[in-house]
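To keep things clear, I will list the structure first and then write my remarks on it.
The numbers here are math on the coordinates, done by the rules we state, and not lab data. Since this is a predicted model, take the numbers as computed values, not measurements.
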């Protein structure tokens, strides 16, 4: 009788946990072009707080109003590191025109990130998504790099996953030029 009772409780608890998990998963809306970008607050490598709402959308204290390009990466992704070259070029060409780029590192420690940044010089601020919560809200799975281009109204305008080819790069540049006008 005691074993049977435990078995029913185990099944009941498992079902409850399953329902809670499914309910939680349903609350996370997928990131879709044309929809609002999920807000976040992350720290840079130097400890400065960065709020997406300060750069785009109606909220925020600073109200900087820029187009934002987020590039999610980690040090084990060779394509992510290679993409720094393109992102540096975009930063140099469009930062003064109103484009802000952030390299959002997922689940790594500062010393590991600094090692990569030192080898691959960049002026682009690195944001620390230590627990991967922002990446999760943006629907970033295992495929990296992934980037999101967000307009001044905080609406996602472009998304790209994986290695960017010449045609896709031209499309991204065209979209940036449209948005920074």
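Summary table below
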| quantity | calculated |
| --- | --- |
| Difference of contour (0.36 nm per residue) and Cα-Cα distance, residue 62 to residue 82 | 4.0 nm |
| Normalised per residue, the volume of the convex hull around the Cα set of the chain (Å³) | 156 Å³ |
| 222 nm mean residue ellipticity, helices alone, for the chain (DSSP H n ≥ 4; -39,500 (n - 2.57); rounded to 500) | -13500 deg cm²/dmol |
| Cα long-axis angle, helix 110-119 against the chain (0 to 90 degrees, to the nearest 10) | 30 degrees |
| Value in Å of the Kirkwood radius, where region 96-135 supplies the Cα pairs that are averaged | 11.1 Å |
| Full-stretch length increase - residue 181, residue 4 - with 0.36 nm per residue and alpha-carbon distance subtracted | 56.8 nm |
| Added length on full extension, which subtracts the Cα-Cα distance from 0.36 nm per residue, residue 49 to residue 32 | 3.5 nm |
| Degrees between helix 78-94 axis and first principal axis of the chain (Cα, 0 to 90, nearest 10) | 40 degrees |
| Of all DSSP beta bridges in region 32-180, antiparallel share, percent nearest 5 | 60 percent |
| Tilt relative to the chain, helix 166-180 - C-alpha long axis, 0 to 90 degrees, to 10 | 80 degrees |
